[in-house]
Amino acid sequence: MFRKFVIGAVALVLPVMVGAQQIEMVDSATDWSVYVTDSPKECFIISKPTSSTARRDGAAVDVRRGDIRFYISIIPGENVISEPSFLAGYPLKQDVPVQFRVRDTTMQLYPNADIDREYAWPRPEDDAALITAMRGGAEAIVVGVSTRGTETTDTFSLIGFTAAMEKALELCE
């Protein structure tokens, strides 16, 4: 799970040196970008939201957030074929699952303060179903709740998702 910290840095500056690891964007498929690390070999696809809204006590509010991203990690050395994760850009309320929706598929992502308070992941047994839903959709809606009780809704375009996944899988075979 340390990889989530590395991924967050990817979105800021390219190429990036993290320790002895070189992270490089190798492809961009519309709204999704493919990144590869050199040693050990790892691949990530990353997207930022196309829109974001926030509500507190039922009313729209303006909020400041850090980076907001959705990631899929492929880490051959750890037998990780496709691990989805969501970076909220704020500390998530730990006892409230993040809602993930693509068309008529709704799943839950779970924050884990032991790893990072801003990330949420599906249960490992749900990873493949989430990826399948993303491959078949046009957009993903992610709804999270901050420790302050603010509900955010982030919309991610899925245009280019399948191409980015295929490229990352090919690069990290």
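The values are calculated or read from the model by the stated rules, or taken from the named source; none is laboratory data. Nothing here was measured: the structure is a model prediction, and the numbers come from that model. Cβ atoms come from the backbone with ideal geometry, glycine included; neighbour counts cover every protein chain shown.
Name the single residue that is farthest from Thr152 (Cα to Cα) among those in the stretch 104-137 being in contact with a strand residue (DSSP E or B) (Cβ under 9 Å, 6 or more places away or on another chain) and among the hydroxyl-bearing types (Ser, Thr, Tyr).
Per the criteria, the residue is Thr132.
Are there any pairs with C-beta distances below 6 angstrom linking a residue in the stretch 158-173 that is surrounded by fewer than 16 Cβ atoms within 10 Å (Cβ to Cβ) to a residue that is at pLDDT 95 or above and not acidic (Asp, Glu), with the two at least 6 apart or on different chains, and if so which?
These pairs meet every condition: Thr162/Arg135.
Just one of the numbered conditions (1) farther than 17 Å from Leu158 by Cβ; (2) within 14 Å of the chain's Cα centre (by Cα) is not true of Arg101; which one?
Failed condition: (1).
Among the numbered conditions (1) modelled with pLDDT of 75 or more; (2) part of a loop (DSSP other than H, G, I, E, B), tell me where Val13 comes up short.
(1)
In the stretch 52-97, how many are more than 15 Å from Trp32 (Cα to Cα) and more than 12 Å from the chain's Cα centre (by Cα)?
Adding up the residues that qualify gives 30.
Scanning the stretch 125-157 for residues that are assigned to a helix (DSSP H, G or I) and of a type in the set (Val, Ile, Thr), which turns out surrounded by the most Cβ atoms within 10 Å (Cβ to Cβ)?
Per the stated criteria, the residue is Ile131.
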